[in-house]
Structure formats: structure tokens, C-alpha cells
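**Q** First, the structure itself, so that you have it in front of you.
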């Protein structure tokens, strides 16, 4: 375990990996004393943070996923030791896949010491690998989507620091995967195949839980921004799907009055953009077409 910094600390109680039995200590971010200076909220509902003179840039999203430093088993904390017995064998069989997944891309990963952006990105990719095998009561599809979205965000951060290493391309890959998982999660929730209720925080970021409306909004936004573009017919179908998804946030109008402005304002902007691209005369999400 590395020495503690003024920005993070390692928990005193060790975690035990349910796959390989490795013991390790979870790194967590300290709060207070100007460590997190809240900045703007992006269109994707990500909270940016201003660097401080004392601590410099901070990236809270680096830390939420628990990762075994030996076998790279990874989940969100509530699920780490709750892994069902029936998938333990599969997860163990895929250990080499997880360990080899980042060769040539993120070669210096070390989950024993203080994390950086590379470990943050890898943690969400590893969580996706693992959640693909979890049963529906864990809301795995949604957790895969949120993990891919956060990996995209952190890849963008790394690109800003190292602009010649193609992390912007990696971010686009993660955004497209997030679009796939979010759409599938909403579809499965609507059909009763897989609820989202096991995800205690639907994020998408850490500072506020935007709940199911936030999930709908992100689904529509990702479909609009990262859906198919080369085939006009597929593009139209994608936009129609995104438009219907975003419209659900508003319902019949009255129910939306008490929803967060960040959701309503951004959703309205996305709905209007989609409507204009579709050539629709009606750009009001609260009116019924």
C-alpha cells in the first residue's frame, strides 16, 4: 500500500477479492478544505471541478470502482463481495482477458498505489467486463452503460493532458459503447426484463443522482450524438427513438414542473435539435404530436 497523499487515503480495513482471495486497501478521496471546487455542469450532466492552488486538478471519478490489483475483478462497492456463486467460475476463467485487455494502450496500470486517470479509465472497462456476467437483479446493463460513459469522460481528460496519444479516439469508442448499453438498459427496463432499481445511484456523475429521468436523458443524448449517421434511414430511426425517449421526461407537462432544471433545460435543447434535424415543425417536448 502506497503512502497516503493529502488528496486521498487508503481505508484501514482490507478488502478481500471473492475471486482470488487477494487482500487490498480501497483508495478514497478526502473531502473538504477546498479539494473539490465545483465548476460547470456539462450537457452530459458531468460536474467539472476547478483545480485548486493546493491540490491541483482533481478527478473524483477515478475512485468509485473497486478493483482487485491481482486478478482485475472490478465492480461498484455494493456488488464486490455479493457476486453470485454461479458466475464465479466464469469470472475466474476470464482473468487473463482482464489482465491483458490494456496492453499497448494503458501499460502502466497499478491498482496498489494512488490511482491516476489511466487506472480510472481501466477500472470502468474492467467493471463492464465483469457486469456483463451478472444477473438482472444487479442492473448490470445500466451499470455497464454508466461505466462506459465515465470511461469516455476520463479518456477525454487524459486526451487534454496528452493530446498526441489518441485518447480522444478511445473516448469516442466508449461513448458509442455507452450509447449501446444505455439504450439496451432502457429497453430492458421498459419490458420488465431487467430493472434499474439495483443501481442505487443512477448518476451519471457523483455529485447528484438524476435518477430515471437522467438515464432517459443520457440515453436520448447518446443516441442523438453517437447513433448511426452514414445511412439516412437508420439515422432517422435512431433520431425518432431518441426523440421519444427524451419526450418521456416531460410526460403530460404538469409532472415535469418539479424536476431538476438541469434535466428539463438540457432535455428540451436536445429534443429541439432532434426535431430540427428530422424536419419536424413541432419542437416542443411538452406538446403531444
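**Q** Residues of region 236-260 being at pLDDT below 90 and over 21 Å from residue 189 (Cβ atoms), which ones?
**A** The answer is 253, 254, 257, 258.
**Q** Another one. Those residues that are closer than 13 Å to residue 216 by Cβ and modelled with pLDDT under 90, I need them from region 261-289; list them, please.
**A** Scanning region 261-289 gives a single hit, 285.
**Q** When you look at residue 41, is it within 27 Å of residue 133 (Cα to Cα), in contact (Cβ under 8 Å) with a residue 24 or more places away in the chain and in contact with a helix residue (DSSP H, G or I) (Cβ under 7 Å, 6 or more places away or on another chain), yes or no?
**A** no
**Q** Next question. Taking the condition modelled with pLDDT of 95 or more and outside any helix (DSSP H, G or I), does residue 111 pass?
**A** yes
**Q** Among the numbered criteria (1) outside any strand (DSSP E or B); (2) within 18 Å of residue 150 (Cα to Cα); (3) in contact (Cβ under 8 Å) with a residue 40 or more places away in the chain, which single criterion is violated by residue 106?
**A** Single failed check for residue 106: (3).
**Q** So, residue 140, is that one more than 14 Å from the chain's Cα centre (by Cα) and either at pLDDT below 95 or within 17 Å of residue 188 (Cβ to Cβ) (or both) or not?
**A** No, not satisfied.
**Q** Sticking with this one: Can you find even one residue in region 45-57 that is under 19 Å from the mean Cα position of the chain (by Cα), crowded, with 18+ Cβ neighbours inside 10 Å and in a helix (DSSP H, G or I)?
**A** no
**Q** Working only within region 2-55, note down all residues that are at pLDDT below 95 and at positive phi.
**A** 32, 33, 34
**Q** Name the residue that is surrounded by the fewest Cβ atoms within 10 Å (Cβ to Cβ), counting only residues in region 19-36 that are touching a helix residue (DSSP H, G or I) at 6+ places or on another chain (Cβ under 8 Å) and more than 17 Å from residue 63 (Cα to Cα).
**A** Within region 19-36, the match that is surrounded by the fewest Cβ atoms within 10 Å (Cβ to Cβ) is 20.
**Q** Turning to a different aspect of this structure: In this structure, does residue 80 turn out to be over 17 Å from residue 207 (Cβ atoms), surrounded by 17 or more Cβ atoms within 10 Å (Cβ to Cβ) and out of contact with any helix residue (DSSP H, G or I) (no Cβ under 7 Å at 6 or more places or on another chain)?
**A** Yes, satisfied.
**Q** Might you let me know whether region 139-154 holds any residue that is in contact with a helix residue (DSSP H, G or I) (Cβ under 7 Å, 6 or more places away or on another chain), part of a helix (DSSP H, G or I) and over 21 Å from residue 201 (Cβ atoms)?
**A** No, because not a single residue in region 139-154 is in contact with a helix residue (DSSP H, G or I) (Cβ under 7 Å, 6 or more places away or on another chain), part of a helix (DSSP H, G or I) and over 21 Å from residue 201 (Cβ atoms).
**Q** Going through region 173-195 one residue at a time, which ones are part of a loop (DSSP other than H, G, I, E, B) and crowded, with 18+ Cβ neighbours inside 10 Å?
**A** Matches in region 173-195: 194 only.
The values are calculated or read from the model by the stated rules, or taken from the named source; none is laboratory data. None of these values were measured; they are calculated from a predicted model. Glycine also receives a Cβ, built like all others from the backbone with ideal geometry; neighbour counts cover every protein chain displayed.
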